[in-house]
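The block underneath contains the structure these notes are about, expressed in structure tokens.
Derivation of every value follows stated rules applied to the coordinates shown; laboratory data play no part. Small disclaimer: the values here were computed from a predicted structure and weren't measured. Cβ sites come from the backbone with ideal geometry, for glycine too, and all protein chains shown count toward neighbours.
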Amino acid sequence: MSIDELLRRDFIRLIGLGGAGLMLSPGAALAEDKTTFRMDEQNAIHFLAGTFIPKFLTKPVDWEVKKFASSGQGRVSALARGAIDGITTSWTYLIQIAASDFPATCISGMAGGGSRLLVPVDSKIETYADLKGKKVGVVEFSFQDILFIYAAKAKGIDPFKEIDRINLGSPASVVAAMATGQVDACAIWEPYASILMINKGAKMISNLGDDSFGRSNGGLFVNNTFIKKHPDITQDVVQAVVKATDYVDKHRDVWIQRAERVTGQNKKVATMAVNNCYPSVDIPMKTLRQIAHAMYELGIQKQDVGSELLKVVDYSFLEKATGKKKEQLGYIA
């Protein structure tokens, strides 16, 4: 698909939310007395393990895939008011859940990676230091922008005074700005990053995670009412998440095929994008607290809720599903 077609369609809309929902039937679930679980549509490549959850359910669950919004903010709102039972999204929205006292809990990690700091093919930029005085295209205060800001800080660079961060509003606009030379670099997610690398020869400077808070990206958040009413189904869902995450990690060819189907990209782009993702069910509390502090420091949240995150995280389902202690799954007091 050409850059022009990508920009015309903008089919993924911020995080790939324009693809068709996947209505899948639970593999071993019984037909009678089903409990409905309403799951928000999952189209971001690093979260596609979530589309395989129904394959591994063992209890009678009517798995419904719904699309409520094209932004994380809208999806969290739908979860908080009980319009859907679960969403998979980035850790920044768990911070919002904690800050707003929304009735939802993280019960498993899922995604990792999926981010890149890129420069044009003919660029002489090779390090963060080379970005001083340069224009970097971002979607302001997206997860990737936050990663970039703190990666730059970790390298001793002021991302607000020494770098000109250009808010381009959408990933498609970032692609356009890179393709036309309007910016000198960009912080972007998949598959847009791989589109730029394959179609325009862009070069990767960093995966952003390794230089900031780590590769862990987000997890599964479920409405508290559902958890309390259906703890057995919630446990089955988490067990399915663990199996689905392991499945896509070991069968990346299947993951690539799903990425092609969901994003509309060709196999070459989908393969590169998937190979930049690192699924994990861990819930890294240290990372979450760092992100909470960053969001407060940046003025995204009015308070640092790092000390309150254990109120919106429950490791118990994950402990039972994996046979590991919470300390092995990212918990710290």
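Some points to look at:
- Antiparallel bridge percentage (DSSP; both residues within the range 115-206; nearest 5): 55 percent
- Beta-bridge orientation, the chain: approximately 60 percent antiparallel, per DSSP, counting only bridges with both partners inside.
- Ranking of MET295, MET204 by count of other Cβ atoms within 10 Å, fewest first: MET204, MET295
- Normalising the average separation of contacting C-alpha pairs (under 8 angstrom, six or more residues apart) by the number of residues puts the relative contact order of the chain at 25 percent.
- Kirkwood estimate for the chain, i.e. one over the average of 1/r between Cα atoms, Å: 20.0 Å
- Estimated from helices alone, the mean residue ellipticity of the chain at 222 nm is -11000 deg cm²/dmol (sum of -39500 (n - 2.57) over DSSP H runs with n ≥ 4, per residue).
- Distance violations [Cα-Cα > 18 Å] among LYS132/LYS153; LYS155/LYS302; LYS134/LYS161; LYS243/LYS286; LYS250/LYS325: LYS155/LYS302; LYS243/LYS286; LYS250/LYS325
- Over 24 Å apart at the Cα level, from the set LYS66/LYS267; LYS228/LYS320; LYS66/LYS200; LYS135/LYS267, are LYS66/LYS267; LYS66/LYS200; LYS135/LYS267.
- Taking only Cα atoms of the range 115-206, radius of gyration then Dmax in Å: 11.5, 32
- Cleavage-rule hits, trypsin sites (Lys or Arg not before Pro), the range 156-216, DSSP coil, Cβ neighbours within 10 Å at most 10: LYS161
- The coefficient of translational diffusion for the range 289-333, derived via Stokes-Einstein from the alpha carbon Kirkwood radius under 10 °C and 1.306 mPa s, stands at 135 µm²/s.
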